[in-house]
Amino acid sequence: MLRQPRAILWTTAGVVALGLLIALEIVARRYAGVPGPMTTQVREVVFAPKPGPLYGGLALMMVVLTWRQRFTAAGVAIGIDVVFVLVRWALGVRVPEGHFFGNGALWVMLGYAVIAVTRRTGQERVLLLKGVGLGLLLVTGRKIGDTWLLITSKTRPMVLDQYVATADHALGNPSWLVGRIVKATAPIGDHILDVVYAQLAVAAVVVALYQLRNVAAERRFPSHHLVRTFLVIGLLGPAFYMIFPVVGPVFAFGPGASGTGGVQWAVADLWPHTPPPISPPHPVLYDDLTPRNCMPSLHTAWATAIFIHSRKGSRFLRSAGTFWLVATLSATLGFGYHYGVDLVAGVVFSLTIEAALRSLDRGWDRSGPLLVTYGAVVFAALLVSYRYLPMKMAGHPWLFGPLLILAMASVIYGYVRTTKLWDEQASKTAPARQPEPQPEPV
C-alpha cells in the first residue's frame, strides 16, 4: 500500500525535473544564446569537462557498490580518462586549463545505469539506479545552476544593490569591515578563504559520503541526507535571483572581478575602504555578464546545511562543519560577493528548506508545517524589508539591526527546538534492539 504513493511521488518528481531541464534548455538558448544543461551534459560524454563535479558524482554513486566494485569503477574511470587525454594529445586538441579529466567518471555512471537496467532485478536494480541518479543529480544540479546564472545576467539588466547596501547599514556594513580584514591578512588569509569558498561542493560530498557510508551494507538509503537539501537549495534559490537581482558589493561598489563588470558599471569605487553613503536607493543598470546571484546567499545556505548535517558525525566532522561555515561566511563577506543581509536571508532560507524536507520524511504533523510556515514568513519579510524599508533600516540601525538578528535567531531556535523534539520522539518509537542469542551452557 505504501509503495504506490511513493512510486507516484518519484514519478511526479521525475516528470517535473525533466520539464525543468527542457524549460531551462529553451530559455538558455533563446535569451542567453548558449546551450542549456541538457546539451552541456551530453557534450561531456566526449568533450573535455570540468572534472570536479563528475568525480564527486561518481563518489556518491559508489556508496551502493562493494569495495571491490568501487576499486573497479574508479580504475575504469581513470583508465578511460587516460585514453581520452592520449587521444586529444595525439590529435592536437586543446582543452581549457584543468579540464583534462572527467569523461571517465561520466562513462562509468552511465555504464552502471545500463547494468542496472539489463543485469539487475528487484531491489538491487532500484538501489543501483538510485546510486546512479544521485551521482548524476549532483552533476546536473551544477549545470542547472550555471544556466540559471547566465539567465539572470541576460534577463535582469537592472540590479537592486543600492537597496541592499542601504539596508546593510543596519548591520554595520559587515562586507566592508571583513573585506578590510581579509586584505590585511593577505596572502595567507585570502588564499585559505578562497579554497574554502571554491570547494564548498567537496565539503558537501565528504559529509554526504559519511552519511551514506552504510548504504552498501544495509542495501538502502537513509530517509534524509545532505544531498537532498543541497539540491533543493540549488533548485529553488535561483528563483529569488530573478525576483531580487543583486550583483554584490565588489561589483556594484568596487573594482569587480576578472571577466565581469567593474568600475565602469559600479555606482562608485568604494569597496572595501569607504562604506556607501546613505541616500534614497534606485535600480541600477549593470552588464550582461555578471550573475545576479546574491539574494539570498546560497553559499551561506549550503554551508549552513553542511553544518547541520555534520552535527551527528564524528568529532572531526563536527569541527570541520563548523570551520567550513565560519570560513564560508567570512569569504562571502571578505571577497565582496555578498552583503550582510544576504547572509541573514541565506540562513533562514536553508533552515526552512531543511525543516520542510525533514517534515516530508517524517510526516506532516502540526509542528512541521508551523516551522516551515514561520521560516517562509520570516524569509519573505526580510526580502520585503530590504526592498521597501532600506532607508528606515539605515536611519535606525540600533533598532533594525537587532531585529534582523532576532528574526534569524528565532528561526534557528524554532528549528533546533522542533528537530530535537522529533529526534526524541524517533528514539522512543524505534524498535528495541534484540539481544543476540547466547549459547546454552553444557
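The values are calculated or read from the model by the stated rules, or taken from the named source; none is laboratory data. Predicted model, so just to flag it, every value in this text is computed and none were measured. Glycine also receives a Cβ, built like all others from the backbone with ideal geometry; neighbour counts cover every protein chain displayed. Remember, those area values only see protein heavy atoms, side chains included, never the ligands or the DNA or RNA. Shrake-Rupley method; radii C 1.70, N 1.55, O 1.52, S 1.80 Å.
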Inset, instruction - At least 1 residues that are free of Cβ contacts under 8 Å to residues at least 24 places away in the same chain and surrounded by fewer than 21 Cβ atoms within 10 Å (Cβ to Cβ) in each: list the helices (runs of 4 or more DSSP H) lying fully within segment 152-207 that qualify. - result: 174-184, 188-198
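Okay, residues lined up against (1) hydrophobic (A, V, I, L, M, F, W, C); (2) surrounded by 14 or more Cβ atoms within 10 Å (Cβ to Cβ):
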{"residue": "V45", "(1), (2)": "yes, no"}
{"residue": "L60", "(1), (2)": "yes, yes"}
{"residue": "G92", "(1), (2)": "no, no"}
{"residue": "T121", "(1), (2)": "no, no"}
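Being closer than 19 Å to G340 by Cα and not acidic (D, E) is the filter here; which residues of segment 176-197 pass it? Break it down stepwise before answering.
Going residue by residue through segment 176-197, those that are closer than 19 Å to G340 by Cα are 176-183, 190, 193-194, 196-197.
Answer for segment 176-197, where residues must be closer than 19 Å to G340 by Cα and not acidic (D, E): W176, L177, V178, G179, R180, I181, V182, K183, L193, V196, Y197.
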Inset, instruction - Starting from residues that are open to solvent by 10 Å² or more (accessible area, probe 1.4 Å) and among the aromatic types (F, W, Y), keep the ones in segment 326-362 and report whichever is farthest from V250 (Cα to Cα). - result: F349
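Please indicate, with yes or no, whether at least one residue in segment 23-33 is on the phi > 0 side of the Ramachandran plot, modelled with pLDDT under 80 and either open to solvent by less than 30 Å² (accessible area, probe 1.4 Å) or not in a helix (DSSP H, G or I) (or both).
Kept after step one, since they are on the phi > 0 side of the Ramachandran plot, are these residues of segment 23-33: 33.
Going one step further and asking which of them are modelled with pLDDT under 80, we end up with 33.
From what is left, the residues that are either open to solvent by less than 30 Å² (accessible area, probe 1.4 Å) or not in a helix (DSSP H, G or I) (or both) are 33.
Yes, segment 23-33 contains at least one residue that is on the phi > 0 side of the Ramachandran plot, modelled with pLDDT under 80 and either open to solvent by less than 30 Å² (accessible area, probe 1.4 Å) or not in a helix (DSSP H, G or I) (or both).
Against the condition hydroxyl-bearing (S, T, Y), under 26 Å from F230 (Cβ atoms) and open to solvent by less than 40 Å² (accessible area, probe 1.4 Å), how does Y112 come out, does it pass? Please lay out each step first, then the result.
Numbers: hydroxyl-bearing (S, T, Y): yes; under 26 Å from F230 (Cβ atoms): yes; open to solvent by less than 40 Å² (accessible area, probe 1.4 Å): yes.
The answer is yes for Y112.
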Legend entry - Sole residue being open to solvent by 30 Å² or more (accessible area, probe 1.4 Å) and either of a type in the set (A, V, I, L, M, F, W, C) or under 23 Å from A345 (Cβ atoms) (or both), chosen from L149, L134: L149
Legend entry - Lone unmet requirement of (1) closer than 30 Å to K183 by Cβ; (2) free of Cβ contacts under 8 Å to residues at least 24 places away in the same chain; (3) of a type in the set (G, A, S) for A380: (1)
Legend entry - Selected residue (only one of T304, T300, T322 is more than 22 Å from H169 (Cα to Cα) and open to solvent by less than 30 Å² (accessible area, probe 1.4 Å)): T304
